[in-house]
Amino acid sequence: ETAAVCIGEAMIMLAGGPGALADVETFRRSVGGAECNVAGGLAALGVPTAWISRLGDDGFGQHVLRDLQQRGVDVGGVEVDAVLPTALYVKESEDGRSRMHYYRTGSAAAAMDPAFLDRPAVRERLEQARLVHTTGITAAISASSAEMLERLATEPRSFMLSVDLNWRPMLWRDKDPAPLWRLLKAADIVLIGADEAEVFAGTSDPDELYERLGAKTLVVKDDAHTAMVLEQDGRHEVPALSVDVVETVGAGDAFAAGFLTGTLQELPMVQRLRLGHLTAAAVLTAPEDHAPPPAPEVRERLLNCSDEEWA
Ligand code: KDG
């Protein structure tokens, strides 16, 4: 059974520091990659989830597979490339801020292309899925990967397509973002951060974004403050929980996992947003790009509490 499919690149994350990269000698390894974070988040919330991608035939790829399997994610649709490597990224932490350095050009995942969707292990999972999630990162890593998403978004489909903007200027240098606009416009659900919307679309005004993106369901997250969902027949807004932030990378993915789980469970909109905030809070208070969600009892209580108690 596959309820959700996430398509995109996973990377080995090497966290160094604190200190400048030039001075750091040892690094702590974990797994990153936006769609793979969302897949882990969905599985942790009980959604039968497959992560679909390509990895290198190397120790890093083996670790990604093992790690995701341990987190309950179906990796049967992953293809291992005999030659191209698994991508890496290094997280530099200096003065309380993180910077990402990618080592991903020419990776196994960047070789995904439209024909990748014809592999039986992929097709089968897409046919079963009620929801497919991807991000702007996958549209950026290579032309062939962007074409694959174009096919996914334009072919007749039986699933909801969810896209998180995940605007990464470093990956879009010298590239035309037109394919990303098309992907966002074709999606059923779009998740977008107010700050990245400002850079990408020149506005963070939710109503303007809703109009420009033409998405059926648009979620605009204003980092620490609030998340708003806009649909044809209304708007809902839920303030974020206040937490002691350790590291923010991955929080948006966790939010997506919570919101999308709530969507699959057909929870009321306010509860979908609350679940997003709850799972994001867990990642905000952890150094890695993913973290286990709050315990089921805690989730249950906070999903059902009054607005006063929530805020
Ligand atoms: O959303 C978190 C991701 O940004 C992180 O895990 C790394 O996928 C990544 C990327 O491309 O930035």
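Any read-out appearing in this document is the output of simple, stated calculations on the displayed coordinates, not a laboratory observation. All values reported here derive from a predicted model rather than from experimental measurement. Don't worry about glycine lacking a Cβ; one is built from the backbone with ideal geometry, like all the others, and counts go over all protein chains shown.
Rounded to the nearest 500, the helix-only mean residue ellipticity at 222 nm of the chain stands at -11000 deg cm²/dmol, with each DSSP H run of n ≥ 4 adding -39,500 (n - 2.57). For Lys175, no lysines have a Cα falling under 16 Å of its own Cα, not counting residues fewer than eight places away in the same chain.
Can you bin region 1-152 into rounded, prolate or oblate? Criterion: square roots of the alpha carbon gyration tensor eigenvalues sorted a ≥ b ≥ c, rounded for a/c under 1.5, prolate for a/b above b/c, oblate for the rest.
Numbers: a/c = 1.98, a/b = 1.60, b/c = 1.24.
Prolate shape, in that a/c is at least 1.5 and a/b is the bigger ratio.
Would you please classify the overall shape of region 80-125 from the alpha carbon gyration tensor, given that a ≥ b ≥ c denote the square roots of the eigenvalues, rounded means a/c under 1.5, and beyond that prolate means a/b larger than b/c while oblate covers the rest?
On the way: a/c = 4.00, a/b = 2.51, b/c = 1.60.
Verdict is prolate for region 80-125.
In a solvent-free Debye calculation with one equal scatterer on each Cα, what is log10 I(q)/I(0) for region 4-310 at q = 0.12 Å⁻¹, listed in the order of the q values? Once normalised to I(0) and log-transformed, intensities are -0.75.
What FRET efficiency would be calculated for the residue pair Glu266, Ser144, taking the C-beta separation as r and a Förster radius of 30 Å, to the nearest 0.05? Between Glu266 and Ser144 the formula returns 0.25.
Under 5 Å between amide hydrogens, built in the peptide plane, is the criterion, and for Gly33 it picks out Met11 among residues at least 5 positions away or on other chains. For region 4-310, DSSP calls about 45 percent of its internal beta bridges antiparallel.
The lysines within cross-link reach of Lys221, meaning a Cα-to-Cα straight distance under 21 Å and a gap of 8 or more places when in the same chain, are Lys185. Taken over region 1-57, the percentage of Cα pairs per 5 Å bin, counting from 0 up to the bin with the maximum distance, is 4, 18, 20, 17, 14, 12, 8, 5, 2, 0. Across all directions, the average projected area of the convex hull around the alpha carbons of region 161-303 is 8.5 nm².
Taking amide H as placed 1.01 Å from N in the peptide plane, Thr226 has its amide H under 5 Å from the amide H of Ala240, each at least 5 places away in sequence or on another chain.
Per-residue counts of other Cβ atoms within 10 Å, averaged by peptide: what ranking do you get for 25-37, 48-60, 222-234, highest first?
Values: 25-37: 19.9, 48-60: 22.5, 222-234: 15.3.
Final packing ranking: 48-60, 25-37, 222-234.
Put simply, the amide H of Gly76, placed in the peptide plane, has no neighbours under 5 Å, leaving out anything fewer than 5 places away on its chain.
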